[in-house]
Amino acid sequence: MGGLRFALLGPVLVMDGGEPLPGLAPRHRAVLAYLLLHAGTVIPMERLIEAVWGLDQPETARSQIHAAITALRRAMGGTEVLLTRSGGYLADPGPGSLDVREFSDLVAEGRLREALALWRGEALADVHAHYAVAARALLADRRLAAIEQLMAAELTAGRHAAVLDELAAHVAAHPLRERLAGQLVTALHRSGRQADALAAARAYREGLAEEQGLDPGAGFLAVEQSALAVARSSFLPYDVPDFTGRDDELDRIVTDPRGGIVTIDGMAGVGKTTLAIRAAHRLAGRFPGGQLFADMSGHTASAALEVLLRQLGVTEIPPTEAGRAALWRAELASRRVLVVLDNATDGGHVRPLLPGSSESLLLITSRRRLVDVDGARALSMEVLPPGDALALFGGIVGERAAAEPAAVAEVLGLCGHLPLAIRLAAARLQHRPRWSVSYLAGRLRLADLATPERSVAAAFTVSYEQLDPAEQRMFRLLGPAPVRDVEPHAAAALAGLPVPEAEDLLESLLDANLLIQREPGRYTMHDLLREHARSFPEEDGAVMRLLVHYLHRSRSAVRQMFPANVGDRPGLPPELTPVEPIRDPAEALRWLDAERGNIVATAAHVPRICVGHLAHALRPYLDRQAHHDDAVTLHGIALERSRANGDPDVSGRALADLAWTHWRRGDYEQAVDCAGQALAVAEDDPFPRSMALHTLGDVAWRRRDTATAERQLKQALDLARIAGDRAREGFVLGDLGMVLDRPGRHEEARRHLDLALALHRRDGNPLGEARVLNQIGALLCHQGRPAEAVERHREAGRVYRAMGNRTDEAAAFNGLGEAALACGDPERAIDEHTRAVESGDRPERARAHHGLARALLGLGRAGEAAPHVDEAVRLYQELGVPEAEEARSLMPDSSRRSSRASGGQPVRPVRTTA
């Protein structure tokens, strides 16, 4: 008998020389398939019996298994594939003889069409054993994941038209598979079939709502918005039509054929941004990958990376700065992109955005010389030479400039030859036909100017004086407003005006060159103009109106996204201006993402108690979108304000929120400290006490102090019920179930988890539902039922994706990885844990690296495992949890050093952009 080949990706077959072996009964195929699915693992008799019959086991089960093994060995001619071990049976197929393994290997190598060609229909198609449903679903999910990866590669390669029929067939077979649906929308859009793209998006939305009662996830929404909008590759601001001079500087940039980095420095108002944007528009054709823009003023590097990645069309944004920077470099490595980074503070501000090895070009403007940006070509700007200054002024003013050359020279001198000041002064004269240049010079001379900074202020003063009173008031209000930019609703709240009137005033200030519009519907000020506006007396109550607007609009948005998490609390201030409600979860997420920085900055500016209401309202959004830094800032402000106002109720809630946020990001010592303070302050309020005890119980569980964890979680559960906090009740029940998951209490643990799941589903809380599904999956895996665990983790992942909650989805990836390893599929475990590394917070990243190390060691790839052991140990030590020693025990220090010396590298995620 020649070499045998085993096929499970369809009807179960044993092939010998290309011909199927005869005489295999259905029961024989069921036993063989289960052992092959767990090849390399010894399967005890009891587990094999349960897999075949479940709870409905015949009295002859053991003898039937023996008979099946005997028959299989006889049919295979004595080939040593099915081995008897002291603990049970083991399948040991030879290399290249099992299609399931070959499929995994080909997928890992990127040979996706070859991998998918191995499928002959539904996996295990003729197996009717108890285990078959879950195993078939797991294999089907792996096939779909490979199809999605293949479609992503085809779309990235521009073959959208070629795969349309193939994609449509896959979506017809799996209409609720979100990534496939998004890929079909993308392919239709790129093929110019806009109406069909809209129809495909609508079909997915309606099917998801009808079948599961859910809205599409943020990932699909981003694909939909990108596909249904006009294709856009340039995000550059407008290029001024009257750009004048700077020929030498412009030539230095546009005639250099290299990519790399160019820094442009100079004083405020000298025209750095205008030069960078003019150069970028001139160079756009050389950078077909896109032309991007980010204003760094008011942006952290992490926030700027999010903006730029979204401009590239990336919809899944890592939660950490390091993850975003790595993805940014990966994206730029494969395309030629031009990027303008405006208003950088210093080299450290932009260092995470530098592209590494890339043919892209970065133009960076700053008031400081960026001497610490390695490899940059520096360009320093001075004020305009007299000839260029005259050309700029004359180009705006026209014939009057030629008629009064002496007055023009005086105006230019009073403006310090700064383009910003010249442009503002000339714009005033342009709109005042009865003014002479001499009259304008006289107006400017009143300031008795001696420095460029005062020259700009004089030009501002003249521009301001020509505004009508309502425009002047809006200008004065925008200066002190602690926001990076403003949209009409916020401006209306700031001024106490109807939205249409506020929008008209913003447009008037834009026409007067006193505002800048870098994207539709949002307005910002040059920083010098902002400083000038702040020189006027501040209007009482304006910023407070803005904060109250943000409070009520935030509550409206969060209520759309998390309906069970927003309730009315005593002392909620009334609306001071009409607040337009948020219509749906997609609009809510867009608005919160756009305004998050402005909201936090405004809260820091206003010393009033409603900050506590704002922090509490935004807590679920900040928590679930992993904006933990902003959450710490906002809850910290609420704590500071409440202590100053002597309000222990708000202090207790702020401390409890801080405790939970620190727990979520893995700062367990700070979590314990804040939770202890919350319990001391909130003596009579069950809501924060429940959250604080919940946090303490979870930390104790992570530290393996199960007795303390159980006691504190039970106290938290009682208080949550007293407070009527059903969401917290469900979360605590689930966590308590995990604490009880130990010998002798498995049934009690499962009862808690089932109750938590029912509670979350009854209240329509998908966040809680997904969390508990993951917990049930972990419990099943601990109890030796990994195939069932897979289904729970997959379901949790679907719910997280529907919410756009990529950070918490990492827990589902890790659960799938652990279940895959328990099922004897380390290749699949590597895939899942790698996805968790990309998206998870610190605790989940530690878990993912631990899982990667175990899977790689199981494959004998110690060199690749060693860096993951190191990273898992480091992260666990930062968390202060016992798993550090468990991870370290996987490989002795000497083995890890040897593996690193031999060139071992961690597994790197493979990125697709579709």
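Of Y89, I364, T156, which is farthest on the positive side of the dipole of the chain, counting Cα position, with +1 on Lys and Arg Cβ, -1 on Asp and Glu Cβ, and the Cα centre as origin?
Y89
Skip the ligands, DNA and RNA, and give the accessible area per residue of the chain with a 1.4 Å probe, whole Å².
41
I want the antiparallel fraction of DSSP beta bridges within the chain, as a percent rounded to 5. Can you show the working numbers first?
On the way: 14 of 36 bridges.
Taking every DSSP beta bridge within the chain, about 40 percent pair in antiparallel fashion.
What list of ³J(HN,Hα) couplings, whole Hz, do you get for the range 47-63 from phi and the Karplus terms 6.51, -1.76, 1.60, once you set θ to phi - 60° and write x for glycine and proline?
Per residue, the Karplus-derived 3J(HN,Hα) values read 5, 5, 5, 5, 5, 7, 10, x, 7, 8, 8, x, 5, 8, 4, 4, 5 Hz.
Mind giving me the FRET efficiency for S297 and R252? R0 is 25 Å, r the Cβ-Cβ distance, nearest 0.05 is fine. Working shown, then result.
Working: r = 25 Å, r/R0 = 0.99.
Once rounded, the FRET efficiency stands at 0.50.
Suppose every K and R has +1 on its Cβ and every D and E has -1 on its Cβ; what is the size of the dipole of the range 1-100 about the Cα centre, in Debye to the nearest 20?
Values: 8 positive and 9 negative charges, 26 e Å.
So the dipole magnitude of the range 1-100 works out to roughly 120 debye.
Select from the range 254-337 those trypsin sites (Lys or Arg not before Pro) which occupy a DSSP coil region and have at most 14 other Cβ atoms within 10 Å, ordered by residue number.
In loop regions of the range 254-337 (DSSP not H, G, I, E or B), the sparsely surrounded trypsin sites (Lys or Arg not before Pro) are R258.
Loop-only GluC sites (Glu not before Pro) in the range 40-77, please: DSSP not H, G, I, E or B, and at most 11 other Cβ atoms within 10 Å.
E59
If amide hydrogens are placed 1.01 Å from N in the peptide plane, which non-local residues have theirs closer than 5 Å to the one on L98?
Long-range HN contacts for L98: F6.
Normalising by the residue count of the range 8-152, find the relative contact order in percent from Cα pairs under 8 Å and 6+ residues apart.
Numbers: 169 pairs, mean separation 51.9, N = 145.
Reported relative contact order: 36 percent.
Quick check for me: using +1 on Lys/Arg Cβ and -1 on Asp/Glu Cβ, what's the dipole size of the range 801-866 about its Cα centre, in debye to the nearest 20?
Dipole of the range 801-866, to the nearest 20 debye: 100 debye.
Grab the DSSP H runs of the chain that are 4 residues or longer, score each as -39,500 (n - 2.57), total them, divide by all residues and round the 222 nm result to the nearest 500 deg cm²/dmol.
Counting only the DSSP helices, I get -19500 deg cm²/dmol.
Under the rule of at least 5 residues apart or a separate chain, name every residue whose amide H is placed under 5 Å from the amide H of G40.
Residues meeting the amide H criterion: A91.
Which percent of the Cα-Cα distances in the range 724-809 go past 21 Å?
Summing the P(r) tail past 21 Å for the range 724-809 gives 24 percent.
Determine the relative contact order of the chain: mean sequence separation of Cα pairs under 8 Å and six or more apart, normalised by residue count, in whole percent.
Over the chain, the number comes to 8 percent.
Between H431 and A391, how high is the FRET efficiency from 1/(1 + (r/R0)^6) when r is the Cβ-Cβ distance and R₀ = 22 Å? Nearest 0.05.
Efficiency at R0 = 22 Å is approximately 0.65.
So how exposed is R246, as accessible area in Å² (1.4 Å probe, rounded to 10)?
Estimated to the nearest 10 Å², R246 gives 10 Å².
Equivalent-ellipsoid semi-axes (√(5λ), Cα gyration tensor) for the range 4-136, whole Å, largest first? Don't skip to the end; give the middle numbers.
On the way: eigenvalues 119, 53, 41 Å².
Ellipsoid semi-axes (Å, largest first): 24, 16, 14.
Excluding ligands and nucleic acids, what accessible area in Å² is computed for I49 using a 1.4 Å probe, to the nearest 10?
10
Leaving ligands, DNA and RNA out of it, report the carbon-plus-sulfur percent of the accessible area of the chain at a 1.4 Å probe.
51
How tilted is helix 862-879 with respect to the longest principal axis of the chain? Cα atoms for both, answer in degrees (0 to 90, nearest 10).
Once rounded, one gets 60 degrees.
Could you give each residue of the range 149-164 its phi-based ³J(HN,Hα) in whole Hz, using Karplus coefficients 6.51, -1.76, 1.60 with θ = phi - 60°, and x for Gly or Pro?
5, 5, 4, 4, 5, 5, 5, 4, 7, x, 8, 5, 5, 5, 9, 4
Restricting to DSSP loop positions (anything but H, G, I, E, B) with no more than 10 other Cβ atoms inside 10 Å of their own Cβ, which GluC sites (Glu not before Pro) remain in the range 332-439?
Counting only loop positions with at most 10 other Cβ atoms within 10 Å, the GluC sites (Glu not before Pro) in the range 332-439 are E382.
Provide Rg over Rh for the chain; use the alpha carbon set for both Rg and the Kirkwood Rh (inverse mean inverse pair distance).
On the way: Rg = 32.1 Å, Rh = 31.1 Å.
Looking at the chain, the ratio lands at 1.03.
Determine the dipole magnitude for the chain: charges of +1 sit on the beta-carbon of Lys and Arg, -1 on that of Asp and Glu, nothing else is charged, the reference point is the Cα centre, and the result goes in debye to the nearest 20. Each step should come with its number before you reach the end.
Working: 107 positive and 122 negative charges, 233 e Å.
Approximately 1120 debye in magnitude.
For the range 247-381, take the convex hull of the Cα atoms, compute a quarter of its surface area, and give me that in nm², please.
Its Cα hull, projected and averaged over all orientations, spans 7.4 nm².
Amide H of G479 versus every other amide H placed in the peptide plane: which residues, excluding those fewer than 5 positions away on the same chain, fall under 5 Å?
Excluding prolines and chain starts, which carry no amide H, there are no hits.
The values are calculated or read from the model by the stated rules, or taken from the named source; none is laboratory data. Treat the numbers as computed from the prediction; the structure is a model and nothing was measured. Note that we place each Cβ from the backbone using ideal geometry, even for glycine, and neighbour counts take in every protein chain shown. Accessible surface areas use protein heavy atoms only, side chains included; no ligands, DNA or RNA. Shrake-Rupley method; radii C 1.70, N 1.55, O 1.52, S 1.80 Å.
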